Structure formats: structure tokens, C-alpha cells
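See structure below.
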Amino acid sequence: MRIEVVLPLALPGTLTYHVPPELVPRLRLGARVVVPLSTRRATGYVAALDVPPPQGEVVLRDVLAVPEDATGLPEDLLQLVLEAARYYCAPPGEALRAALPRFAETPTRRVRVVRAVPEKTPDGRLGPRQRRLLVALAEVGELALDEARRLHGATAASIRALADKGWVELGERDAVDPFASSGPACADLAPDPNPAQRRAIDAVLGAVRAGRYRGFLLHGVTASGKTEVYLRCAAETIALGRSCLVLVPEIALTPQLVGRFRARLGGAVALVHSAVGEAERRRAWSAMLEGRVRVAVGARSALFAPLSGLGLVVVDEEHDASYKQADRFRYHARDLAMLRAHHAGAAVVLGSATPSLESWSNVHDTKLELLRLPDRATPLPLPAVRVCDLRLRGARHPRHTFLSRELVEELEGTLARREQAILFLNRRGFAPTAICSSCGTFVACPSCGVALAYHRARDALLCHYCNFERQVPERCESCREGELDLRGLGTERIVAAVGDLFPAARVGRLDSDVAAGPSVERVLDRLRRREIDILVGTQMVTKGHDFPAVTFVGVVRADMGLQVVDFRAAERTFQLLTQVAGRAGRGTTPGLVLFQTFLPDHYAIAAAARQDYEGFVRQELPFRRELGYPPFGRLVLLRGEGRDAGVLDAAMDALAAELSPLAAAAHASLLGPSPAPLARLRGFHRRHLLVKAPTRKAIRAVAVRATAWAAHAGRKIRLIIDIDPLHLA
Ligand code: ADP
Ligand code: ZN
């Protein structure tokens, strides 16, 4: 017999092998096999059985082994991987790689960490990496060694040198256990569902019981009790003997949600999380395969959890951009979740207060059924929103002109009432540009060309795209005369201003400089325990947090996201503003939200102030329709990258010429080639060709042709094919 095998490598397709008769009985779709690959052995999975011989004179090699102890992949998961690869025009091996858990060679239960030594202040000279690490540790206390390396660029030698001087300590801690009830303990009282929740639960469970695919969009305002709906449905799905997959945008930002699933469903929940230790990850993987664990909660890649008998798939905050993988295999976990549910005969629930326009239009195309939770489940209604027009005379605070008098007064009142506040600004660092006061030249990243941002905690300039870091020069390096001015706003500057205005307040910061994973949980924990009065942060503060004592939310620049050249700018702004507003007044005290802006009349800002999702959609959809953008048309982004701009330009022109007859026949339009919004990154020039077409089929035809072209394009350029792109940069 001949079979096709998919290997977790970037090969263009699957490979055909011959199977010796004694191994045939052990084969099935998804079984793990060991095969020869040139001069070595490789492990792959059976992608097709009983296939015809390949064309031409090929001598097939034999499958070497079908390991008996190895479990392979469930058949439906293998099919999902292959179908996803086809859809995204990606090598099947890349899709497989995204689906397989990353098991290290040697499983570990302990994680090596580096800790701050609080009483010690370094006296000697420090290298930039060492300084960076100490700053990070001062903020978060402890980092896993690989986090310190990955996120802060520390080297083993620099960490050792710091430890030798006694400025940091090395140690170990337990890896996160995917079954342990870590994270915040929450008394879960399981409130009785209100009538709107009841209707949603009944509809979803009706579909689960029927065992056929049905898709739902759960549109519920912030704090309307969507999570309660997921919990009830998940519990009942397990009781029916089926399994349940729950996707959340970023697990580090949603420890509460995970805690609630654990508290309600107990040991049946596996957490799929990159901070989970190797040994535990293996344990969770086999527990799911063997059906001992029937609920998986995790971010994007949990989509591939090896659960069988799937009855329910939940995608929480379905509009969140983190569901789209931005590199290698560029899949959208929400779209593949719908596909997986389809194959498994499961119900899928996409939940959000601000659904993506794609999902909203799927309701109107009857691909999804709409379930509404129009009111908050908590005692109080949605918070009041006021818009502060920064253009008005006297609106701004005299000393800190990026804050309004109104915002400062509201903060004062919040602190006086001993409540908590969140200030939102979607930009980290202190100031986004260092500009010469005499010749106007800004300090740029040598390999990306963009302005370097000043970060006060590190006292350095940093590239937000490639992490290049340097000291602030004494004088402008262009005219060698002018002093450098730090212009613009970042979270660090807000923290400094708030500290100046309210010296007694405890101010915290949450942005990606405060590192990932455990450190984020630490900040959120401090907010929960009310050790922070004012939390300043980027979009990380907008996620589904539930902090009942937060009564005031101030948005420092509501229009900031509108400057971006992207047709989704208004949609993203509306979503962010609505989500951040939803953090206020979730407890028993009414909330107030203040949007500071120079564009108070922009429809995205005005609709967010009214918390009027459908109003926003009514204004946004006509633009999209007119221009043929999603949800009305489909896109594929072809991005060429190369070191030589001339070679790249010529290649992209050739690609456009190659595609244009096909595009014309398919009613697709080619936009470009043109420099990408980020025209240079890490020393590579970047050019875009955006293809817009009325149908998915047309997009696919163009993408397939582009893939074939790229195979012969030579080594000097790299072509990236992004189907259904979310970010056009
Ligand atoms: P969402 O997921 O829509 O933001 P949650 O499920 O987190 O909303 O609910 C918000 C708050 O309301 C939580 O504190 C939750 O315990 C509470 N809650 C949810 N449903 C009910 C209900 N039916 N009765 C009373 N309180 C509820
Ligand atoms: Zn850079």
C-alpha cells in the first residue's frame, strides 16, 4: 500500500511512501509514522491512505516504523490541518507545525528564574543589556531565564555577571501546572441566568444536543454575562459526554476567565498556555487525546487541542486581532474554529461586545445566528461616557497639557472616594520621537528607518519594530548642534504626570514593557487587591477584566488609532474605546468614562461614546461596500521582502504583470505594488501588492498563481502570502 505523509517541515506538499505489509494493519489517518528523508529519519503523520502511484519513474521508499506507543493525531484534527493549509495556500508541514505542541527533548518540571534583590542598588558600570534586565526586574520581581533572554535580550553571561555581584539572584520555581487552580481564586456562585442569558443558553444547548453544526454570534454588551453563558453551556456539554474547546485572546490577560472555568468545571479543564511546563504539556496533551480531560482553554493555538467528541467551541472576544497569527502560518483561529466545529458536528459560539464586521455580516448571510444580551448582568447599567474636546480653550491642564482639567478633576474625585481608575493610551514608552530642536531630524532606527521611542525606565531609545536599542545622543547627530526634544506621548509620560499631580496615589503601569505572562498577572493581581489606585496602560487594559472598584476610565487620546492608514482603523478604534469603557462601573458604584480627543465628531468616537455598536456598523458598512473591502470583498496581501530595493521593485512589477490577466478574468483588482506602510524592517525593504476580489475563489486562484511564481523568483526576494490579512503594515 502507498500512503501520503505530512512532515512538520516547510516542504511544499506531502510525500508518498510505500508501506511494508506488516505495518499496514496499524495505519489510520493521523497515525504517527517514521520515514526516511534523504539521509535521515523523520517523524510524520499519515495524511492519506491507499493513494495511487505518483506520476513518472519514482522509486518509493518504505515507511520505517509505526511506533506503537505513539498516539498520533485524531483524524478530524489531521483533516483540519490539511484543509487549513489548502485554504491559506501554506505548506501542509507549516500548518502541522502550528498544530503540534512544542515538546522539548527533555521534559522539565522546574523553571529556572532570575529574581530582583530589592535592597541592592548597582554601584558599578552596567552594560545596556544588564541595565535593561534590572529595570525589568525592578518592575516585575522575577523572570524565567528564557523570558529574560527572549523579552529583554539578556545573555547568559550578563545574567551570571549580575548574579556574581549579588545584584540579582538565580533560582527555580515550579512550571505552571495546566490542571492546578493557580491564578486568582474566585468564589464562583453560579448566578441564575437572566432571561436573555437563558435564551442564549437554550439555543446553544439545543444545537449541542442535536449534534449538528450550528454557529452563533453572542453579541452582549460589556458585563452582560457572556462568560456565564459559556460556563453553563460548557458544563452541560460535558454532562452530555462531549468535549468543549474555549479560545480566549491572550491567556496572560485573562487569568480570571480561566479561574472561573476551573472553579466551575474542576479537574476537567486543561489550560493550553505557553507558560505550562514541558512535562505538564505532555500530560495535558495525552489526557485530551485519551478523553480524560474534556475541556481545553487557551489562546490561538489551543484551536488544535486534540479533543475528540467535540460538542462546543467558544471563541471569546471573537473580534480580537490576536486570533490571527502574524508570522509563518498566517491563520485566523476564529475562522478555523468554525471549520473545526463544522467537521466535528459541534456548536460554535463567537462572543463579543463589539463583533468583527466579518462575523456581523455572517449573521446577515445566515451563516451565524444572532443571540443578544442587551443589558448588563450587574446591578448597574453601562457607564456614562463624556467626550472632552481638547481643541476648546481652557480645556487642558496648564502643567500637563495632554491631560484635560476635566480628567484631572475626575481622577481627584475617584481617589477621594477611594475608588480605582484606569487611564488608557495605546502607546508604550515615554515619548515616541526624539527630534532635533534645531534641524528637525529625528533619531531613527538604522535598520527600519522609523523613529526610535524614548523609554524612561531604560533611559534609552528603542525601535518598536525590531527592538534595536541605543543611548540618547548628547546632540543631534545630523547637524551636530541642536538638542534633542522628546516629543509626543507614551504610557510612561502619563505615569510621570499622574505621579506629579497626585504624589500620594499608587500608580501602576501595564504595557508590553512590563513583560509578558506571569508579570502581567502580578499587575492585575495588585489592581484586584487594590494596591494600585490608578492603572495606566495600553490595549492590555481593555481586555475582558472585571474589577468592580474601577469606577473611572480616562482615554488620553481617543483618536490616536485613527491616524493609521488601514481600512480597519475606525473599526479598531470603536472596538478599543467600547471595550475600555466597559471596564468602568462593573460593581455596585456607577462608572464614568471620559474620552479626550481632537476629533469629537468622528463617527467611531461618537458611536463608542453612545456605546452604539449597530449605529457604528450602519455608518461603517457603506464605506466598505463602496470600496469592496471585507466583509464585502476578500483580500490577499502579497508582500515581497529583499535587501536590494531595485531587485525587489523589479520582481514585484514582474509579479503584478504575471497576475494581472488572471485578476482581470476573476474581477479582482491589484493595488500596487507599492512600498509597505513599514517600508523597511530589520534591513529588508518591503513592497506590497494587495489583491481585492469579490469572492474567496478568486483570491485563491491569485494566491495559488503567486505561490507558483514565488517558487521560481530566486533567492534574493521572499514572498509572503497573507490570505484574509488583518494588518496591512
Ligand atoms: P461578560 O463576559 O459579558 O463581560 P461576565 O460573565 O463576566 O460578563 O459577567 C459580568 C459580571 O456579572 C460578573 O461579575 C458575573 O458574575 C455577573 N453575572 C453574570 N450573570 C449574572 C446573572 N445572571 N445574575 C447576576 N450576576 C451575573
Ligand atoms: Zn528597527
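The values are calculated or read from the model by the stated rules, or taken from the named source; none is laboratory data. Keep in mind that this is a model prediction, so the values were computed, not measured. When we count neighbours, we look across all protein chains shown, and the Cβ atoms used for this are built from the backbone with ideal geometry, even at glycine. The accessibility values were calculated without ligands, DNA or RNA, using every heavy atom of the protein model including side chains. Shrake-Rupley method; radii C 1.70, N 1.55, O 1.52, S 1.80 Å.
Taking PRO36 as the residue in question, decide whether it is part of a loop (DSSP other than H, G, I, E, B), in contact (Cβ under 8 Å) with a residue 12 or more places away in the chain and surrounded by fewer than 19 Cβ atoms within 10 Å (Cβ to Cβ). Lay out the reasoning, then the answer.
Numbers: part of a loop (DSSP other than H, G, I, E, B): no; in contact (Cβ under 8 Å) with a residue 12 or more places away in the chain: yes; surrounded by fewer than 19 Cβ atoms within 10 Å (Cβ to Cβ): yes.
Considered against the rule, which asks whether it is part of a loop (DSSP other than H, G, I, E, B), in contact (Cβ under 8 Å) with a residue 12 or more places away in the chain and surrounded by fewer than 19 Cβ atoms within 10 Å (Cβ to Cβ), PRO36 comes out as no.
Could you please tell me which pairs satisfy a Cβ distance under 6 Å, a separation of 6+ or placement on different chains, a first residue in segment 443-455 that is more than 14 Å from ASP485 (Cβ to Cβ) and not assigned by TED's automatic domain parsing to the domain that holds VAL495, and a second residue that is aromatic (Phe, Trp, Tyr) and within 8 Å of ligand 2 (Cβ to nearest atom)?
Short answer, once both residue conditions are applied: CYS445/PHE468; CYS448/TYR465.
Would segment 355-376 turn up any residue that is of a type in the set (S, T, N, Q), within 16 Å of ligand 1 (Cβ to nearest atom), open to solvent by less than 40 Å² (accessible area, probe 1.4 Å) and assigned to a loop (DSSP other than H, G, I, E, B)?
Looking for residues that are of a type in the set (S, T, N, Q), within 16 Å of ligand 1 (Cβ to nearest atom), open to solvent by less than 40 Å² (accessible area, probe 1.4 Å) and assigned to a loop (DSSP other than H, G, I, E, B), one finds none in segment 355-376, hence no.
Just name the residue that is nearest to ligand 2 (Cβ to nearest atom) out of those in segment 225-244 that are under 16 Å from GLY211 (Cβ atoms) and of a type in the set (A, V, I, L, M). Working first, answer last.
So in segment 225-244, the residues under 16 Å from GLY211 (Cβ atoms) come out as 233, 236-244.
In the following step, the residues that additionally are of a type in the set (A, V, I, L, M) were identified as 238-240.
On the way: ILE238: 48, ALA239: 53, LEU240: 52 Å.
Within segment 225-244, the match that is nearest to ligand 2 (Cβ to nearest atom) is ILE238.
Would you call ASP375 farther than 27 Å from ALA90 by Cα and modelled with pLDDT under 95?
Values: farther than 27 Å from ALA90 by Cα: yes; modelled with pLDDT under 95: yes.
In short, yes.
Pick out the one residue from GLU531, GLU521 that is open to solvent by 20 Å² or more (accessible area, probe 1.4 Å), in a loop (DSSP other than H, G, I, E, B) and farther than 20 Å from TYR465 by Cα.
Details: GLU521 fails: in a loop (DSSP other than H, G, I, E, B).
Within the list GLU531, GLU521, the selection yields GLU531.
Taking the condition of a type in the set (A, V, I, L, M) and within 15 Å of ligand 1 (Cβ to nearest atom), does VAL221 pass? So that I can check it myself, show each step before the final result.
Working: of a type in the set (A, V, I, L, M): yes; within 15 Å of ligand 1 (Cβ to nearest atom): yes.
So VAL221 passes the test.
Do we have any residue at all in segment 414-428 that's of a type in the set (Ser, Thr, Tyr) and more than 16 Å from ligand 2 (Cβ to nearest atom)? Quick ask: steps written out before the conclusion?
Let us first name the residues in segment 414-428 that are of a type in the set (Ser, Thr, Tyr), namely 414.
Now narrow it down to the ones that are more than 16 Å from ligand 2 (Cβ to nearest atom): 414.
The answer is yes, given that some residue of segment 414-428 is of a type in the set (Ser, Thr, Tyr) and more than 16 Å from ligand 2 (Cβ to nearest atom).
Yes or no, residue by residue, for (1) within 15 Å of ligand 1 (Cβ to nearest atom); (2) closer than 28 Å to PRO101 by Cα; (3) in the same structural domain as ARG283 (by TED's automatic domain parsing); (4) at pLDDT below 90:
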{"residue": "SER182", "(1), (2), (3), (4)": "no, yes, no, yes"}
{"residue": "ASP192", "(1), (2), (3), (4)": "yes, no, yes, no"}
{"residue": "ALA196", "(1), (2), (3), (4)": "yes, no, yes, no"}
{"residue": "ALA203", "(1), (2), (3), (4)": "no, no, yes, no"}
{"residue": "ARG209", "(1), (2), (3), (4)": "no, no, yes, no"}
{"residue": "TYR213", "(1), (2), (3), (4)": "no, yes, yes, no"}
{"residue": "PHE216", "(1), (2), (3), (4)": "yes, no, yes, no"}
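Just to confirm my filter: which strands (runs of 3 or more DSSP E) fall fully inside segment 404-515 and include at least 2 residues that are open to solvent by less than 10 Å² (accessible area, probe 1.4 Å) and closer than 23 Å to LEU678 by Cα? Break it down into steps so the answer makes sense when it comes.
Details: elements: 420-424, 433-436, 453-455, 460-462, 484-487, 507-510.
It comes to 433-436, 453-455, 460-462.
Kindly establish whether GLN619 is more than 16 Å from ligand 2 (Cβ to nearest atom), part of a helix (DSSP H, G or I) and not aliphatic (A, V, I, L, M). Spell out how you get there, then give the answer.
Values: more than 16 Å from ligand 2 (Cβ to nearest atom): yes; part of a helix (DSSP H, G or I): yes; not aliphatic (A, V, I, L, M): yes.
So GLN619 passes the test.
So which of ARG340, ARG393 is of a type outside the set (Ser, Thr, Tyr), more than 16 Å from ligand 2 (Cβ to nearest atom) and outside any helix (DSSP H, G or I)?
Every option except ARG393 fails the conditions.
Scan LEU29, LEU49, LEU100 and give me the residue that is touching an Asp or Glu at 6+ places or on another chain (Cβ under 6 Å), closer than 30 Å to ALA333 by Cβ and open to solvent by 20 Å² or more (accessible area, probe 1.4 Å).
On the way: LEU49 fails: touching an Asp or Glu at 6+ places or on another chain (Cβ under 6 Å); LEU100 fails: touching an Asp or Glu at 6+ places or on another chain (Cβ under 6 Å).
From the options LEU29, LEU49, LEU100, the qualifying one is LEU29.
Name the strands (runs of 3 or more DSSP E) wholly within segment 250-316 that hold at least 2 residues that are under 20 Å from the mean Cα position of the chain (by Cα) and modelled with pLDDT of 90 or more?
Details: elements: 269-272, 295-298, 310-315.
Correct list: 295-298, 310-315.
Mind counting the residues in segment 1-22 that are out of contact with any Ser or Thr (no Cβ under 7 Å at 6 or more places or on another chain) and under 15 Å from GLY72 (Cα atoms)?
So the answer is 2.
Would you confirm whether or not segment 546-566 contains a residue that is within 17 Å of ARG624 (Cα to Cα), part of a loop (DSSP other than H, G, I, E, B), among the acidic types (Asp, Glu) and in contact (Cβ under 8 Å) with a residue 12 or more places away in the chain? Talk me through it step by step, then tell me what you get.
So in segment 546-566, the residues within 17 Å of ARG624 (Cα to Cα) come out as 562, 564-566.
When the remaining residues are screened for being part of a loop (DSSP other than H, G, I, E, B), the result is 564-566.
Remaining after also requiring among the acidic types (Asp, Glu): 566.
From the residues that got through so far, the ones that are in contact (Cβ under 8 Å) with a residue 12 or more places away in the chain too are 566.
For segment 546-566, residues within 17 Å of ARG624 (Cα to Cα), part of a loop (DSSP other than H, G, I, E, B), among the acidic types (Asp, Glu) and in contact (Cβ under 8 Å) with a residue 12 or more places away in the chain: present.
Considering only segment 543-554, I want to know if a residue exists there that is under 21 Å from LEU678 (Cβ atoms) and crowded, with 16+ Cβ neighbours inside 10 Å. If you could, list the steps in order and put the result at the bottom.
Filtering segment 543-554 down to residues under 21 Å from LEU678 (Cβ atoms) leaves none.
Within segment 543-554, not a single residue is under 21 Å from LEU678 (Cβ atoms) and crowded, with 16+ Cβ neighbours inside 10 Å.
In this structure, does LEU143 turn out to be at pLDDT below 80 and open to solvent by less than 60 Å² (accessible area, probe 1.4 Å)? Spell out the reasoning first.
Working: at pLDDT below 80: yes; open to solvent by less than 60 Å² (accessible area, probe 1.4 Å): yes.
Considered against the rule, which asks whether it is at pLDDT below 80 and open to solvent by less than 60 Å² (accessible area, probe 1.4 Å), LEU143 comes out as yes.
I'm trying to understand the selection: among the residues of segment 1-26, which are exposed (fewer than 14 other Cβ atoms within 10 Å of the Cβ) and part of a loop (DSSP other than H, G, I, E, B)?
Selection gives ALA10, PRO12, GLY13, PRO20.
With respect to GLY440, determine if the residue is farther than 30 Å from ALA347 by Cα, outside the structural domain of ALA200 (by TED's automatic domain parsing) and touching a helix residue (DSSP H, G or I) at 6+ places or on another chain (Cβ under 8 Å). Give the derivation first.
On the way: farther than 30 Å from ALA347 by Cα: yes; outside the structural domain of ALA200 (by TED's automatic domain parsing): yes; touching a helix residue (DSSP H, G or I) at 6+ places or on another chain (Cβ under 8 Å): no.
So GLY440 does not fit the description; no.
Just one of ARG330, ARG340, ARG264 is open to solvent by 30 Å² or more (accessible area, probe 1.4 Å), touching a Leu at 6+ places or on another chain (Cβ under 8 Å) and among the charged types (D, E, K, R); which is it?
Numbers: ARG330 fails: touching a Leu at 6+ places or on another chain (Cβ under 8 Å); ARG340 fails: open to solvent by 30 Å² or more (accessible area, probe 1.4 Å).
After ruling out the rest, the residue left standing is ARG264.
Would you be able to say whether some residue in segment 245-252 is open to solvent by 30 Å² or more (accessible area, probe 1.4 Å) and among the aliphatic types (A, V, I, L, M)? Steps first, answer last, please.
Just the residues of segment 245-252 that are open to solvent by 30 Å² or more (accessible area, probe 1.4 Å), to begin with: 250.
Among the residues that remain, those that are also among the aliphatic types (A, V, I, L, M) are: none.
Checked segment 245-252: no residue is open to solvent by 30 Å² or more (accessible area, probe 1.4 Å) and among the aliphatic types (A, V, I, L, M).
Given the criteria buried (at least 24 other Cβ atoms within 10 Å of the Cβ), touching an Asp or Glu at 6+ places or on another chain (Cβ under 9 Å), touching a residue at least 12 places away in the same chain (Cβ under 8 Å) and of a type outside the set (Gly, Ala, Ser), does ASP335 qualify? Give the steps one after another, and end with the answer.
Values: buried (at least 24 other Cβ atoms within 10 Å of the Cβ): no; touching an Asp or Glu at 6+ places or on another chain (Cβ under 9 Å): yes; touching a residue at least 12 places away in the same chain (Cβ under 8 Å): yes; of a type outside the set (Gly, Ala, Ser): yes.
No: the conditions fail for ASP335.
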